[in-house]
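Report on the structure given below.
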Amino acid sequence: MPGISLDNLELTEVCLSTKDAVAVLAGAIVIVSFIGTAKTPPATAASPLGNISGTLPGLAPIASAADRREARGLIKRLRVKGLGSNRGYERTRYGDNWADDATGVPYARNGCRTRDDLLARDGRNVKYRKGSNCEVVSMELTDPYTGRLIHWHKDNADEVQVDHVVPLNYGWRMGAPRWSMTKRLDFANDPLNLLPVDGEANEHKDASGPSGWLPPRRGIRCAYVTRFAQVALKYDVPVTPADKKTMLAQCR
């Protein structure tokens with residue numbers, strides 16, 4: 001059936017014979033199958049509201065009134081408490097940096113470092129080291145925090161950093177010292193809590209909650225705090241009263 005693409009097909013409006021409809025649907029299944037096995041993910045970023053596993057790429061703005069209401073509903077469920085002590089915090093309390101030894105999250109123990117999993121998830125035109133199916137050496141990334149298009153190469157590795165949306169230090173100060181090591185490993189390696197972003201923006205964020213730092217790109221802020229809330233709810237991490245107030249304000 002020339003002239004009909006999957007992008008424009010409206011099955012409720014286009015009249016097809018039974019034979020033609022089966023052919024079109026069969027073609028759709030084949031195309032979806034190819035997309036699902038591709039090494040480079042689709043360029044279109046996903047809204048956090050439709051990405052509860054964290055395995056879809058990027059971070060898309062939350063624009064509609066209904067979606068913003070849904071986002072506020074998530075944020076309202078967050079527990080609040082004051083920021084606790086930083087005593088005893090070290091990165092190694094969450095395991096080795098980007099090691100593939102978590103057990104309860106997507107990509108766990110797949111043979112690739114967590115950082116490479118995330119670069120492959122969000123990058124376009126991803127290239128791997130010769131002989132490797134894991135080690136990403138170059139890609140293009142549209143940074144969700146600034147909107148900047150980054151042509152990244154491993155020679156300048158820090159230009160793209162993988163941000164913990166809920167920072168590890170923030171989690172520590174909100175209860176992680178009492179967690180099992182298994183839970184800390186999952187928290188540090190969960191793709192829901194990880195976004196490849198502009199390195200400079202990530203360094204400005206440091207370990208701040210939303211009341212201390214928000215993405216420079218205003219249109220992404222509701223999506224960012226929604227993702228923050230999703231992670232906090234999944235791991236039962238409370239937020240400060242100031243952070244909760246700021247989060248709600250982004251999704252009005």
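The values are calculated or read from the model by the stated rules, or taken from the named source; none is laboratory data. The structure displayed is predicted, hence computed values, not measured ones. Reconstructed Cβ throughout: ideal geometry from the backbone, glycine too, with neighbour counts over all protein chains shown. Ligands, DNA and RNA are stripped out before the accessible areas are found, and what is left, the full protein with its side chains, is counted by its heavy atoms. Shrake-Rupley method; radii C 1.70, N 1.55, O 1.52, S 1.80 Å.
I'd like to know if region 224-238 contains one or more residues that are in a helix (DSSP H, G or I) and of a type in the set (G, A, S).
Yes, some residue in region 224-238 is in a helix (DSSP H, G or I) and of a type in the set (G, A, S).
Might you let me know whether region 55-77 holds any residue that is of a type in the set (D, E), open to solvent by 80 Å² or more (accessible area, probe 1.4 Å) and in a helix (DSSP H, G or I)?
yes
Among the numbered criteria (1) crowded, with 22+ Cβ neighbours inside 10 Å; (2) over 19 Å from Y89 (Cα atoms); (3) of a type in the set (A, V, I, L, M), which one does V166 miss?
Going through (1) crowded, with 22+ Cβ neighbours inside 10 Å; (2) over 19 Å from Y89 (Cα atoms); (3) of a type in the set (A, V, I, L, M) one by one, V166 breaks only (2).
Take K130 and decide whether it is open to solvent by less than 10 Å² (accessible area, probe 1.4 Å) and out of contact with any helix residue (DSSP H, G or I) (no Cβ under 7 Å at 6 or more places or on another chain).
Judged against the criteria, K130 is not a match.
Which residues, taken from region 183-214, are touching a His at 6+ places or on another chain (Cβ under 8 Å) and either at pLDDT below 95 or open to solvent by less than 10 Å² (accessible area, probe 1.4 Å) (or both)?
Scanning region 183-214 gives A188, N193, L194.
Would you tally the residues in region 176-196 being assigned to a loop (DSSP other than H, G, I, E, B) and touching a Gly at 6+ places or on another chain (Cβ under 7 Å)?
The number of residues fulfilling the criteria is 1.
So which residues in region 128-161 are closer than 17 Å to P57 by Cβ and among the β-branched types (V, I, T), if there are any at all?
Passing the criteria: V136, T142, T146, I150, V160.
So how many residues does region 134-163 have that are open to solvent by 30 Å² or more (accessible area, probe 1.4 Å), assigned to a strand (DSSP E or B), touching a Leu at 6+ places or on another chain (Cβ under 9 Å) and not acidic (D, E)?
3
Would you be able to tell me the number of residues in region 114-127 that are outside any helix (DSSP H, G or I) and either open to solvent by less than 40 Å² (accessible area, probe 1.4 Å) or closer than 25 Å to A232 by Cβ (or both)?
Looking only at that region, the number is 2.
Of a type in the set (F, W, Y), open to solvent by 10 Å² or more (accessible area, probe 1.4 Å) and not in a loop (DSSP other than H, G, I, E, B): which single residue out of W98, W172 fits that description?
W172
What are the residues in region 193-244 that are under 26 Å from V126 (Cβ atoms), polar (S, T, N, Q) and touching a strand residue (DSSP E or B) at 6+ places or on another chain (Cβ under 7 Å), if any?
N193, N202 - these are the residues of region 193-244 that are under 26 Å from V126 (Cβ atoms), polar (S, T, N, Q) and touching a strand residue (DSSP E or B) at 6+ places or on another chain (Cβ under 7 Å).
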